[in-house]
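Asks: Have a look at the structure that comes next, please.
Each reported figure results from applying straightforward, stated rules to the coordinates on display, with no laboratory input. Keep in mind that what you see is a predicted model, and the values were worked out from it rather than measured. Please note: Cβ atoms are built from the backbone with ideal geometry, for glycine as well, and neighbour counts cover all protein chains shown.
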Amino acid sequence: MIYWKKSASYNLFSALILASGIANLIFSIKNRAVIEGWGWYLIIGIFEILVGLAMIFQPGLAMTTVVIFSGFFSCILFTVK
């Protein structure tokens with residue numbers, strides 16, 4: 001069994017949100033000539049970067065977000081099946 005510190009898994013989740021925001025930001029800038037609604041990708045990327053940074057600096061926010069995200073994903077997953 002793999003044992004992680006509780007804060008390590010939340011830091012990983014926060015880092016993944018931050019990385020997703022950076023990826024969306026780069027994607028929107030690189031494809032602005034091709035995609036008509038590239039501004040939305042830019043806004044989402046900036047929002048994800050801000051949320052990722054907030055979760056890195058406030059671990060309590062990350063803990064709450066993981067629980068809400070997991071619950072929402074479970075509801076969607078079991079509703080679709």
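Asks: Kindly provide log₁₀ I(q)/I(0) values, in the same order as q = 0.14, 0.18, 0.32 Å⁻¹, from the Debye equation applied to equal alpha-carbon scatterers of region 29-69.
Replies: -0.44, -0.59, -1.01
Asks: Give me D for the chain in µm² s⁻¹, whole number, from Stokes-Einstein with Rh from the Kirkwood sum over alpha-carbon pairs, 20 °C and 1.002 mPa s. Intermediate values should be presented prior to the final figure.
Replies: Values: Rh = 14.1 Å.
After rounding, the answer is 152 µm²/s.
Asks: Beta carbons within 10 angstrom, averaged per residue: use that to sort the peptides 64-77, 20-33, 43-56, highest first.
Replies: 43-56, 20-33, 64-77
Asks: Here's a follow-up. Per DSSP H run of at least 4 residues, take -39500 (n - 2.57); add these up for the chain, divide by its residues and hand me the 222 nm value, nearest 500 deg cm²/dmol. Mind showing how you got there, number by number?
Replies: Values: 3 runs with 67 residues, N = 81.
Only helices count here, giving -29000 deg cm²/dmol.
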